[in-house]
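Trainee: One structure coming up, written as structure tokens, with questions to follow.
No value in this document is a laboratory result; all are computed from the given coordinates. Worth saying up front: this structure is predicted, and the values here are computed from it rather than measured. Counting neighbours? That spans all protein chains shown, and the Cβs are built from the backbone with ideal geometry, glycine included.
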Amino acid sequence: MMMFQTLARVMRAPGDTLTVRCPGCGHRAVWSRREAFARLGPDATPHRSRRRLACGVCGLKGGAVLEI
Ligand SMILES: [Zn+2]
């Protein structure tokens with residue numbers, strides 16, 4: 001897992017993507033920069049993002065693995 005301060009600081013190129021992986025069922029979602037900003041906000045931190053994200057498949061909350 002990468003350490004970063006906010007999404008806006010690490011996702012600088014329009015083509016950057018954010019991969020959200022569920023440790024419970026292995027489901028992966030890949031979001032474009034624009035999608036990630038829309039869902040989490042450009043000021044979102046990894047800690048806050050993980051707490052907010054729930055898996056769309058198994059419903060697990062709070063454990064998502066974020067990769068840029
Ligand atoms: Zn899941």
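Residue-wise test of (1) acidic (Asp, Glu); (2) more than 16 Å from Leu7 (Cα to Cα); (3) more than 10 Å from the ligand (Cβ to nearest atom).
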position: Pro23; (1), (2), (3): no, yes, no
position: Gly26; (1), (2), (3): no, yes, no
position: Leu40; (1), (2), (3): no, no, yes
position: Asp43; (1), (2), (3): yes, no, yes
position: Arg51; (1), (2), (3): no, no, yes
position: Gly59; (1), (2), (3): no, yes, no
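Trainee: Cβ-Cβ under 9 Å, sequence separation 6+ or interchain: first residue in the range 35-64 and among the acidic types (Asp, Glu), partner assigned to a helix (DSSP H, G or I) and away from the ligand (no atom under 16 Å from the Cβ). Which pairs?
Mentor: Here the result reads Asp43/Leu7; Asp43/Ala8, each pair linking the range 35-64 to a residue that is assigned to a helix (DSSP H, G or I) and away from the ligand (no atom under 16 Å from the Cβ).
Trainee: Find all pairs meeting these conditions: Cβ atoms under 8 angstrom apart; at least six residues apart or on different chains; first residue within the range 14-33 and without any contact (Cβ under 8 Å) to a residue 24 or more places away in the chain; second residue near the ligand (Cβ under 9 Å from one of its atoms) and in a loop (DSSP other than H, G, I, E, B).
Mentor: Arg28/Cys22
Trainee: Return yes when Arg12 is touching a strand residue (DSSP E or B) at 6+ places or on another chain (Cβ under 9 Å) and among the basic types (Lys, Arg) and no when it is not.
Mentor: On the way: touching a strand residue (DSSP E or B) at 6+ places or on another chain (Cβ under 9 Å): no; among the basic types (Lys, Arg): yes.
It is false that Arg12 is touching a strand residue (DSSP E or B) at 6+ places or on another chain (Cβ under 9 Å) and among the basic types (Lys, Arg).
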